[in-house]
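Peer 1: One structure, as C-alpha cells, below. Some questions next.
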Amino acid sequence: MAFDIPAQAAGGVAVSLRVYDVLGREVRTLLQEVKQPGTFAVNWDGRDQSGALVRNGVYFYRIVAGEFATVRKLMVVR
C-alpha cells in the first residue's frame, strides 16, 4: 500500500492506515503517525492486531491523511 504526502503539507500530516474485514471490523492498525511530505509504502503481513494470521478473503484498507481519505479492497489468498 503506497501513498504520497504532497509538498504543500509542510508541517506534516496525521496519517492513519487501518485494515478492516468485510463486516467493517478493524483487523489491524498499520500506521498512526504524523508524516512529512514524501512517498511512503506500508506492507501488511496478513496478521491481525494480536499477531494471528487472518483468514483468506476480502479485506479493505482505509488511509486517512489530513482532509484526504480513501478505501481500497484487497484479497488475502494463501
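The values are calculated or read from the model by the stated rules, or taken from the named source; none is laboratory data. Predicted, not measured: the structure shown is a model, and the values here were computed from it. Cβ atoms come from the backbone with ideal geometry, glycine included; neighbour counts cover every protein chain shown.
Peer 1: Within the stretch 54-78, count every residue that is in contact (Cβ under 8 Å) with a residue 12 or more places away in the chain and not in a loop (DSSP other than H, G, I, E, B).
Peer 2: Looking only at the stretch 54-78, we keep the residues that are in contact (Cβ under 8 Å) with a residue 12 or more places away in the chain, and these are 54-66, 72-78.
Narrowing further to those that are not in a loop (DSSP other than H, G, I, E, B): 57-65, 72-76.
Number satisfying all stated conditions: 14.
Peer 1: For the stretch 45-52, indicate whether the set of residues that are touching a strand residue (DSSP E or B) at 6+ places or on another chain (Cβ under 7 Å), surrounded by 13 or more Cβ atoms within 10 Å (Cβ to Cβ) and among the small types (Gly, Ala, Ser) is non-empty.
Peer 2: Just the residues of the stretch 45-52 that are touching a strand residue (DSSP E or B) at 6+ places or on another chain (Cβ under 7 Å), to begin with: 46-49.
Still in the list and also surrounded by 13 or more Cβ atoms within 10 Å (Cβ to Cβ): 46-48.
From what is left, the residues that are among the small types (Gly, Ala, Ser) are 46.
Scanning the stretch 45-52, I find at least one residue that is touching a strand residue (DSSP E or B) at 6+ places or on another chain (Cβ under 7 Å), surrounded by 13 or more Cβ atoms within 10 Å (Cβ to Cβ) and among the small types (Gly, Ala, Ser), so the answer is yes.
Peer 1: Now, a different point. Could you give me the residue pairs with C-beta distances under 7 Å whose first residue belongs to the stretch 1-21 and is closer than 13 Å to residue 69 by Cα, whose second residue is in a loop (DSSP other than H, G, I, E, B) wherever it lies, and which are 6+ apart or on separate chains?
Peer 2: Cβ pairs passing all conditions: 5/36; 5/37; 13/66; 14/66; 17/1; 17/42.
Listed here are the residues, each with its yes/no results for (1) at pLDDT 95 or above; (2) assigned to a loop (DSSP other than H, G, I, E, B); (3) exposed (fewer than 11 other Cβ atoms within 10 Å of the Cβ); (4) among the aromatic types (Phe, Trp, Tyr).
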| position | (1), (2), (3), (4) |
| --- | --- |
| 15 | yes, no, no, no |
| 18 | yes, no, no, no |
| 23 | yes, yes, yes, no |
| 28 | yes, no, no, no |
| 33 | yes, no, yes, no |
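Peer 1: Right, another one. Of the residues 55, 18, which is out of contact with any strand residue (DSSP E or B) (no Cβ under 7 Å at 6 or more places or on another chain), charged (D, E, K, R) and at negative phi? Please lay out each step first, then the result.
Peer 2: On the way: 18 fails: out of contact with any strand residue (DSSP E or B) (no Cβ under 7 Å at 6 or more places or on another chain).
Just a single option satisfies the conditions, and that option is 55.
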